[in-house]
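Read the structure below first, then the notes.
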Amino acid sequence: MASKKARFEESMKRLEEIVRELEGKDLSLEESIAKFEEGVKLGKVCRELLEKAEARIKVLVEDDNGRLEEREARDDIER
Amino acid sequence: MPLDDRRHLTVSELNALVSSLVEENFPEVRVLGEVSNLKRHTSGHVYFTLKDAGAQLRAVLFRSDAERAALPLEDGMLVIAEGRVTVYEAYGQYQIVVRSLERAGVGALELAFRLLKERLEKEGLFDSECKKPLPSYPFRIAVVTSPTGAAVRDIVSTLRRRWPPAEILLFPIAVQGGQAAPDIVRALSLLPSVAELDLIILGRGGGSVEDLWAFNEEAVARAIYACPLPVVSAVGHETDFTIADFVADVRAATPTMAAEIAVPRLDDVVLRLDEVERRLVQFAEVGLELRRRRLLELVRSYALGRVRGRLEGAMQAVDYAAEKLRRSIDAVMAAEGNRLNQTVAHLEGFDAAKILSRGYVVCSDARTGGVIRSAGAALEARDVRLAFADGRVSAEVKERFDGK
């Protein structure tokens, strides 16, 4: 699965494209409705990506094999 | 003593040769480096290593010179050592025998900075074509800095405030002293292996020129250049420019600004999304309503059964599509609640049959079949037809009674 960044960027871009198409082109009714539905779904994808996140902080720790491990951080970095 | 056929030197001979070559050629050198592995021997001699990011040099300061040296040497100190290069023949190692030392002044550092900057610039490390664009919506951001201090607090709190969707991955490093440059290089070489990382912020708070020095090391510059992920640098204050800043994809004046440059504001993104969705829904309303009205007019204006049948078919298609649309909105946006339900209600309002059932009437000219939109036109037509929800009647317009 693509990264959140890629999914968000792609969905947002496609959604804006759809709106431009709907507004600009004289599409058939069926096409319009298919695009509208796609647009609604894309908007939902974007909102979910924005809402699910919770500004988590992790600390990267190097393990013995030189790989980075993500550990939950104590929540006092800001203070 | 059996001798090999080939001519050869003994180790001692070779070392003596090298020694004389070295001592003849480097009777007096001045070298800039960082002091490390400092050891004061009980004899009074001082041994240490001089190093920069890429190399090391053994150094010895004999007692008599050590006593004269006004400088209290410490590990991590940047110095210019003056002396001669000799070879310690017993171990085949060369070293600098330091006669005097001075703390590397701003002048020396500036010179080193300028020379490195010119060299890297010529090599193309600062070229704008090499700069990677920053992602518009980064969701995983690595922050490479000291885990203590103001910089990490500023960066983290700014990221959290502006763009809560992002996950922040802190890579703790030393930002000054001998460990800083290798730490940064290591961080930049390891981070690209972290899954789905979108962006790196590298920085530290303000400090003296010496404090910021790691960010002027060639190895750091090359690590930033080689890093496949976009790097935002933020070293010190507005007025501090380091080599790292020139190589980085974007240079921020301060750590706080680095965070501001790195991420959008959630509010702005939501606003943009709202606006696009509003246009989408508006299309659904206006676009469908327009089609519906056009068809309704056609249905009303043609009396001929065949054509009318086809148009009614089209009308049905619109109704069907609207119904489908309504269902899809319900299905997809059920969780979204109000906003779209209002739209659905709105769309239902455009259903011609429903409009008529609310008591409205469509009035058309009996002769031309055209829809009549004004009292004046109705009076002119005289013979009209009225379409109710359940059927149509003919009527004659008698007079205006609104006095106009």
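With 18 Å as the limit, the listed pairs A:Lys4/A:Lys41; A:Lys4/A:Lys52; A:Lys52/B:Lys132; A:Lys5/A:Lys35; A:Lys13/A:Lys41 have A:Lys52/B:Lys132; A:Lys5/A:Lys35 beyond it between alpha carbons. Per-residue Karplus couplings for the stretch B:228-239, computed as 6.51 cos²θ - 1.76 cosθ + 1.60 with θ equal to phi - 60°, are listed in order as x, 9, x, 10, 9, 9, 8, 10, x, 9, 3, 8 Hz, Gly and Pro entered as x.
If the Kirkwood radius is taken over C-alpha pairs of the stretch B:108-262, then at 10 °C and 1.306 mPa s the Stokes-Einstein diffusion coefficient equals 105 µm²/s.
Taking 0.36 nm per residue of separation and subtracting the current Cα-Cα distance, fully stretching the chain between B:His237 and B:Arg84 would add 51.1 nm.
Extension gain for B:Glu24-B:Glu380 works out to 116.2 nm (0.36 nm per residue, less the C-alpha to C-alpha distance). Could you compute the FRET efficiency for B:Ser136 and A:Asp26, with r as their C-beta to C-beta distance and R0 at 22 Å, rounded to 0.05? Calculated transfer efficiency: 0.10. Mean partner shielding of peptide B:141-151, defined as the number of other chain Cβ atoms within 10 Å of each residue Cβ, is 1. Computed over chain A with a Gaussian network model linking Cα atoms closer than 10 Å, the most mobile of A:Lys44, A:Lys52, A:Lys35 is A:Lys52. With a Förster radius of 41 Å applied to the beta-carbon distance between B:Leu111 and A:Arg71, the computed FRET efficiency rounds to 0.45.
Here the spin labels are modelled as points 7 Å beyond Cα on the Cα-Cβ line, and at A:Val61 and A:Glu48 they lie 3.3 nm apart.
Using C-alpha pairs under 8 Å with a sequence gap of at least 6, the mean separation divided by the residue count of the stretch B:354-396 gives a relative contact order of 38 percent.
Comparing mean-square fluctuations of A:Ile57, A:Ile18, A:Ile33 from a GNM of chain A with C-alpha springs under 10 Å, the top value falls on A:Ile57. Kirkwood analysis of the Cα pair distances in the stretch B:49-129 returns a hydrodynamic radius of 14.9 Å.
The simple Förster model, with R0 at 45 Å and r as the Cβ-Cβ distance, assigns B:Leu9 and A:Ala2 a FRET efficiency of 0.10.
Take each residue of peptide B:274-281, count the partner chain Cβ atoms within 10 Å of its Cβ, and average: the result is 6. Mind running the shape call on the stretch B:109-174? Use the C-alpha gyration tensor, a ≥ b ≥ c as the square roots of the eigenvalues: rounded below 1.5 for a/c, prolate if a/b tops b/c, oblate otherwise. Oblate is the answer for the stretch B:109-174, as a/c is 1.5 or above yet b/c matches or exceeds a/b. Taking the accessible area of the stretch B:155-232, probe 1.4 Å, and keeping the other protein chains in place, the carbon and sulfur fraction comes to 53%. The equivalent ellipsoid that matches the C-alpha gyration tensor of chain A spans semi-axes of 41, 14, 9 angstrom, in descending order. To the nearest 10, the accessible area of B:Glu74 is 110 Å² with a 1.4 Å probe.
Taking a probe of 1.4 Å, how large is the accessible area per residue of the stretch B:11-104, in Å²?
Here the residues of the stretch B:11-104 average 61 Å² of exposed surface.
Note on B:Glu67 and B:Asp127: the extension gain reaches 16.7 nm, defined as 0.36 nm multiplied by sequence separation minus the Cα-Cα distance. Sorted largest first, the principal axis extents computed over the alpha-carbon atoms of the stretch B:354-396 equal 28, 17, 15 Å.
Computed from protein heavy atoms with a 1.4 Å probe, the total accessible area buried between A and B is close to 4700 Å².
Rounded to the nearest 10 degrees, the angle from helix A:29-52 to the longest Cα principal axis of chain A is 20 degrees.
Once the mean of 1/r is taken over each pair of separate Cα atoms and inverted, the stretch B:1-143 shows a Kirkwood hydrodynamic radius of 18.7 Å.
The values are calculated or read from the model by the stated rules, or taken from the named source; none is laboratory data. These numbers were taken from a predicted model, which means no experiment stands behind them. So basically every Cβ, Gly included, is an ideal-geometry build from the backbone, and we count neighbours across all protein chains shown. All accessible areas refer to the heavy atoms of the entire protein, side chains included, with ligands and DNA or RNA removed. Shrake-Rupley method; radii C 1.70, N 1.55, O 1.52, S 1.80 Å.
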